[in-house]
Structure formats: C-alpha cells, structure tokens
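Below you'll find the structure, written out as structure tokens, and then a few comments.
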C-alpha cells in the first residue's frame, strides 16, 4: 500500500478514473486512538502477503500522523468470501492490539452492487459502525466516511477508492 502522502500526490496528478484504477481497494484511515500510551500503539498492520500496511502519513503541512489500511484479501488468506480482521497474523487485516480479538470481524462485498459490509465475529470488545454496535447476526452496510471501530480503542474512517479520491481532493 502506498503512503497517504503518495496517495495525495496521485490524487493531484490523476483524474478520478485513473486514481480508482490504481487504488482498487477500499481503505480505513485511522482517525483517533483512545486511552493508549505510545507503547500500546499498533506494532503491525499487515496488508497483502505480509507487507506492512501501516503508514506514517500526512495530508498536509499541519496534519498529524495517520495510519492507513488497505482492505484486501491476502494471497493465501483463509475464507475466500471475506476479508478477516483480527489480532493474529492469519487474518487479512492484522491489528495488533490486546483489545482486538484474534478473529474480530470481517468485511465482505455483495456483487454486482459493490457495496461493502462489516460483520462482527463475536468479538470480545465489539465492532462498531457510526457508534452502533454490531452483532454476529447483523452486518452493517458501510457508507463512505462512516466510522469503524474494532473495540473502542481506535476509530477509523471507511472509504471506497472513489470516495477516497474525493476526500484527498475536495472541491474548491
């Protein structure tokens, strides 16, 4: 995954279609962390094939560091119909926090609509979309810009590639 700084540069250089062709996966953008010391921060967030997906990034001169995660299936990931999220390295998206369950939640997409959903996997500390707790039985439809939390320790914003382009390159 490219850094947010690289993605911002791409958004300035490319039109929306070219950007989406290059950045094909939805992303989670770290918005805030609650009640953690610097030693409790993410040690690892992995993307495809174990490559690091954690990026120190900024959106401009005054921006504070943020993390970005690409929502994608690992090449050898389990469960072909979902993108798993959890603390262990066997997940597609690894969030190494004690408050995140080993297998915490999963993303899936319904084709042909390409709408994305998130479902809790009966996690110990819950999964939340726009502050609404998810149950194992009820997936949440994800809308661009919605907040996503895996436990209450972190808050991300979800973006499809199209919406992420608009976020990086707002209208004047």
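When residue 127 is tested against (1) under 17 Å from residue 29 (Cα atoms); (2) modelled with pLDDT of 95 or more; (3) over 12 Å from the mean Cα position of the chain (by Cα); (4) surrounded by fewer than 17 Cβ atoms within 10 Å (Cβ to Cβ), just one condition goes unmet, and that condition is (4). When residue 98 is tested against the conditions (1) closer than 25 Å to residue 11 by Cβ; (2) out of contact with any strand residue (DSSP E or B) (no Cβ under 7 Å at 6 or more places or on another chain), the lone failure is (1). Only one of the numbered conditions (1) more than 24 Å from residue 98 (Cα to Cα); (2) in a strand (DSSP E or B) is violated by residue 149, and that is (1).
Collect the residues in the stretch 1-58 that are at pLDDT 80 or above, crowded, with 18+ Cβ neighbours inside 10 Å, under 22 Å from residue 154 (Cα atoms) and in contact with a helix residue (DSSP H, G or I) (Cβ under 9 Å, 6 or more places away or on another chain), keeping them in residue-number order.
4, 26, 27, 29, listed by residue number.
For the stretch 164-172, the count of residues that are free of Cβ contacts under 8 Å to residues at least 60 places away in the same chain, closer than 30 Å to residue 6 by Cα, buried (at least 20 other Cβ atoms within 10 Å of the Cβ) and touching a strand residue (DSSP E or B) at 6+ places or on another chain (Cβ under 7 Å) is zero. Among the residues making up the stretch 3-28, those that are free of Cβ contacts under 8 Å to residues at least 12 places away in the same chain and not in a helix (DSSP H, G or I) are 14, 15.
Screening residue 166 with (1) over 30 Å from residue 12 (Cβ atoms); (2) assigned to a helix (DSSP H, G or I) gives one miss only, at (1). Residue 142 meets each of the listed conditions (1) closer than 25 Å to residue 14 by Cβ; (2) surrounded by fewer than 21 Cβ atoms within 10 Å (Cβ to Cβ) apart from (2).
For residues in the stretch 100-118 being closer than 24 Å to residue 89 by Cβ and without any contact (Cβ under 8 Å) to a residue 24 or more places away in the chain, which is surrounded by the most Cβ atoms within 10 Å (Cβ to Cβ)? So, considering only residues that are closer than 24 Å to residue 89 by Cβ and without any contact (Cβ under 8 Å) to a residue 24 or more places away in the chain, the one surrounded by the most Cβ atoms within 10 Å (Cβ to Cβ) is 103.
The values are calculated or read from the model by the stated rules, or taken from the named source; none is laboratory data. As the structure is a prediction and not an experimental result, all values here were calculated from the model. Note: ideal-geometry Cβ built from the backbone for every residue, glycine included; neighbour counts use all protein chains shown.
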